[in-house]
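Enquirer: The following block contains the structure, expressed as structure tokens.
The values are calculated or read from the model by the stated rules, or taken from the named source; none is laboratory data. What you see is a predicted model; the values in this text were computed from it and never measured. Every residue, glycine among them, receives a Cβ derived from its backbone with ideal geometry; neighbour counts consider all protein chains shown.
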Amino acid sequence: MKIGLVGLPGSGKSTVFRMLTGKHDHLGHAGDVAVLHVPDPRTERLAAIYRSQRVVQPEITFLDLMAVRRGDGAAGETLDLVRLAGDADAFVLVLQCFGDLDYAGNPLRPGSDFETVLLEMALTDLTIVENRRKRLSARGGKREAHEQWEEELLRRCQAHLEAGGLLRELPLSDDEAKHLRGFSLVTLKPWLILCNVAEDDLSGQRCADVHRLCEQRGLPYLDICATLEEEIGQLPPEEQATFAADFGLAEPGRERLLHIVYGLMHVVTFFTVSEKEAHAWTIPAGTTAPAAAGKVHSDMQQGFIRAEVIPFTCLDQIGSEKACKERGLMRVEGRDYVVQDGDVLYIRFSR
Ligand SMILES: Nc1nc2c(ncn2[C@@H]2O[C@H](COP(=O)(O)OP(=O)(O)OP(=O)(O)O)[C@@H](O)[C@H]2O)c(=O)[nH]1
Ligand SMILES: [Mg+2]
């Protein structure tokens, strides 16, 4: 699972990155990558059942992406963002909600920054959709049925984006969503809005308009003071809780952010287990079995035959793979199977 941090210049992306990773010497170069391990107790339990030698906990990768600038539209910088962000599964948008002035010296208006970035994102996708339509129409000749279907789908996407919508708001059939996923459209992916608030405004009173817009558009949001959280993270562990409590913070920012990423951004964890290792993998909800297999190894995706699935809860209750199979609790699933949270997968594939 890869998550891109985006936002206007100086909004605090690199500070959030440092808060998450504890890499306090990180200066914030665009394209920096951090891998976080987020322990899932189910991995240990599976390792005990299968007597695995090694446990590999789920990973989330954060990318410190470049800044989005105002008014670039479809210019080079936005396309760069697509190149960098193309393989991100989801985004965290960092909004500056601290201080009086923004990076350009204008009075701070987080609500309008938010709309600016959304617009840039919509323009990015608009460029992708228009280019694809041009390519389709350049083919000429008689339209095959599937080309007509795609053209109609793209036309709907374009109209929606032109009206200021995000593609994730557009009602799509499973086939349509699957087809569009191939284009790395940024507004189709999950977004979390992170209001980077000031130390004296931890509840985000100054960005109430952002909260309201998020509610209107159905986007998850949270308020975090990244500099304060970074400071807390640098304290000795035994002092961190007391210091955080002084500010009325029940849970460290890193954990709050990760909980939201897992909960609201629809992350699913599946497992592969053998005597060698019990390995947890994190994927976006809606991922099909071959794509999930591709996370383990690209050969497994290419040569995918079928997936044998036992839910974690069955293994946990019954205590052995053999007994689960005897009770008929192992299912055989094909290419269209959407992997569920807690699935223990055994992938059959040809080399
Ligand atoms: N007061 C306050 N300052 C902050 C906060 N978060 C970041 N800053 C300051 O804002 C400035 C920019 O922060 P960065 O994290 O470098 O922002 P960025 O988004 O990575 O910036 P670019 O990479 O240049 O686009 C730094 O001087 C930070 O110390 C915050 O929560 N409160
Ligand atoms: Mg930076």
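Enquirer: Looking at (1) in the same structural domain as residue 126 (by TED's automatic domain parsing); (2) away from ligand 2 (no atom under 16 Å from the Cβ); (3) modelled with pLDDT of 85 or more, which is the only condition residue 62 fails?
Expert: Answer for residue 62: the failing condition is (2).
Enquirer: Mind checking which pairs have a first residue in segment 238-251 that is more than 15 Å from residue 224 (Cβ to Cβ) and assigned by TED's automatic domain parsing to the domain that holds residue 228 and a second that is among the β-branched types (Val, Ile, Thr) and modelled with pLDDT under 85, Cβ under 6 Å, 6 or more apart or different chains?
Expert: Taking only residues 6 or more apart or on different chains, not a single pair turns up.
Enquirer: Still on this model: Can you tell me which residue in segment 238-296 is farthest from residue 55 (Cα to Cα), limited to those that are polar (S, T, N, Q) and assigned to a loop (DSSP other than H, G, I, E, B)?
Expert: Ranking the candidates gives 287 first.
Enquirer: Given (1) in contact with a Leu (Cβ under 7 Å, 6 or more places away or on another chain); (2) surrounded by fewer than 11 Cβ atoms within 10 Å (Cβ to Cβ), identify the lone condition not met by residue 104.
Expert: (1)
Enquirer: Turning to a different aspect of this structure: Collect the residues in segment 252-300 that are touching a residue at least 12 places away in the same chain (Cβ under 8 Å) and among the polar types (S, T, N, Q), keeping them in residue-number order.
Expert: Answer for segment 252-300, where residues must be touching a residue at least 12 places away in the same chain (Cβ under 8 Å) and among the polar types (S, T, N, Q): 269, 272, 274, 282, 287, 288.
Enquirer: Somewhere in segment 189-204, is a residue part of a helix (DSSP H, G or I) and in contact with a Ser or Thr (Cβ under 7 Å, 6 or more places away or on another chain)?
Expert: no
Enquirer: Follow-up question, since we're still on this one. Is it the case that some residue within segment 38-52 is more than 11 Å from ligand 1 (Cβ to nearest atom) and at pLDDT below 85?
Expert: Among the residues of segment 38-52, at least one is more than 11 Å from ligand 1 (Cβ to nearest atom) and at pLDDT below 85, which makes the answer yes.
Enquirer: Continuing with this model, one more query. Select from segment 282-323 the residues that are buried (at least 18 other Cβ atoms within 10 Å of the Cβ), among the β-branched types (Val, Ile, Thr) and at pLDDT 95 or above and list them in ascending order.
Expert: Once the filter is applied, which keeps residues that are buried (at least 18 other Cβ atoms within 10 Å of the Cβ), among the β-branched types (Val, Ile, Thr) and at pLDDT 95 or above, segment 282-323 yields 309, 310.
Enquirer: From the list 115, 169, 152, which residue is over 24 Å from the mean Cα position of the chain (by Cα) and either at pLDDT 85 or above or surrounded by fewer than 18 Cβ atoms within 10 Å (Cβ to Cβ) (or both)?
Expert: Result of the check over 115, 169, 152: 152.
Enquirer: Condition test on residue 3, is it away from ligand 1 (no atom under 16 Å from the Cβ), modelled with pLDDT of 85 or more and not in a loop (DSSP other than H, G, I, E, B)?
Expert: no
Enquirer: Could you check segment 1-17 and list, in sequence order, the residues that are within 13 Å of ligand 2 (Cβ to nearest atom) and under 18 Å from the mean Cα position of the chain (by Cα)?
Expert: 4, 5, 6, 7, 13, 14, 16, 17
Enquirer: Could you check, for segment 324-331, whether at least one of its residues is in contact (Cβ under 8 Å) with a residue 40 or more places away in the chain and either in contact with a strand residue (DSSP E or B) (Cβ under 8 Å, 6 or more places away or on another chain) or surrounded by fewer than 18 Cβ atoms within 10 Å (Cβ to Cβ) (or both)?
Expert: There is no residue in segment 324-331 that is in contact (Cβ under 8 Å) with a residue 40 or more places away in the chain and either in contact with a strand residue (DSSP E or B) (Cβ under 8 Å, 6 or more places away or on another chain) or surrounded by fewer than 18 Cβ atoms within 10 Å (Cβ to Cβ) (or both).
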